[in-house]
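The values are calculated or read from the model by the stated rules, or taken from the named source; none is laboratory data. These numbers were taken from a predicted model, which means no experiment stands behind them. Here the Cβ positions follow ideal geometry from the backbone for every residue, glycine too, while neighbour counts run over all protein chains shown. All accessible areas refer to the heavy atoms of the entire protein, side chains included, with ligands and DNA or RNA removed. Shrake-Rupley method; radii C 1.70, N 1.55, O 1.52, S 1.80 Å.
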Amino acid sequence: MHRSLEVSPNGFITIISIIQGVALALLAQNTFPKPSMLVMVQSITLMLVFVVVFYYYLTMSVLLRWAPSFVDCFLPFAIAGLEIPPAFFLGNPAAWNAWLAALWFFVAIGLWITTKWAPPSHFGKVRKAHKRFLEMQHELGLCVTAGGFTVGACAALATIDPAHRLFWGLAGAAAVLAVAAGTIWRIEIRSSEIHALYGVNRPPFN
């Protein structure tokens, strides 16, 4: 039984690492043949998205322990797998933004599922830690959902307003970067608070 609780975190990190390794290779392969300004901005933004997704899963592997289910096995592939298609649409504001919007919406679903199946028992007798965790999940959910709608709107506008495709492409990338920054900010703050409740010194942004 103890082994089943240790499989999920390590397994998820391994899966995420493999998928992101493939995504990073494809990103490099599709960036350098056509290095326009928009392509470079989208490429750098997407690489930061890889880091944020990995960072979130690494944080969850520290905070939670659970016996794996089929949904647990499906979500890493669904979420990390959505990081791959945008690499094929660098320089295409409508398609790139649309794929990033889809990624953020799938992340929002993943956050909801994680919240639902993370009961107070995961945090022992420290109920405040569970409360901080739920607050973090709620904040991240709002962040990625707002980002999904914003980037989706940029994708739609890039389609109906082709004369300003560059603007909508850069606007979409800026929205994705804002979501990434907000995600890192809330995880750092809440993780620091949770660790402090257990007497562990983990300053944010250390």
message = At 1.4 Å probe size, with the rest of the protein present, what percent of the exposed accessible area of the chain is carbon and sulfur atoms?
response = 74 percent
key: Helix axis angle, 2-31 relative to the chain longest principal axis, alpha carbon, degrees   = 10 degrees
key: Nonlocal amide H pairs with residue 83, under 5 Å, H built at 1.01 Å   = none
remark   = Taking the alpha-carbon centre of each part, the distance from region 141-206 to region 113-133 in Å is 24 Å
message = Given a 1.4 angstrom probe, what's the average accessible area per residue across region 118-206, in square angstrom?
response = 52 Å²
inquiry  = For a quick check of your reading of the filter: which trypsin sites (Lys or Arg not before Pro) in region 94-202 sit in a DSSP loop and have no more than 15 other Cβ atoms within 10 Å?
reply    = 125
remark   = Sorted by accessible surface (1.4 Å probe, heavy atoms of the protein chains only), largest first, 26, 58 come out as 58, 26
ask   = Using alpha carbons only, how many degrees (0 to 90, rounded to 10) separate the axis of helix 127-160 from the longest principal axis of the chain?
value = 10 degrees
task = Report the normalised scattering of the chain as log10 I(q)/I(0) at q = 0.10, 0.11, 0.17 Å⁻¹, calculated by the Debye formula with identical scatterers on the alpha carbons.
result = -0.45, -0.54, -1.13
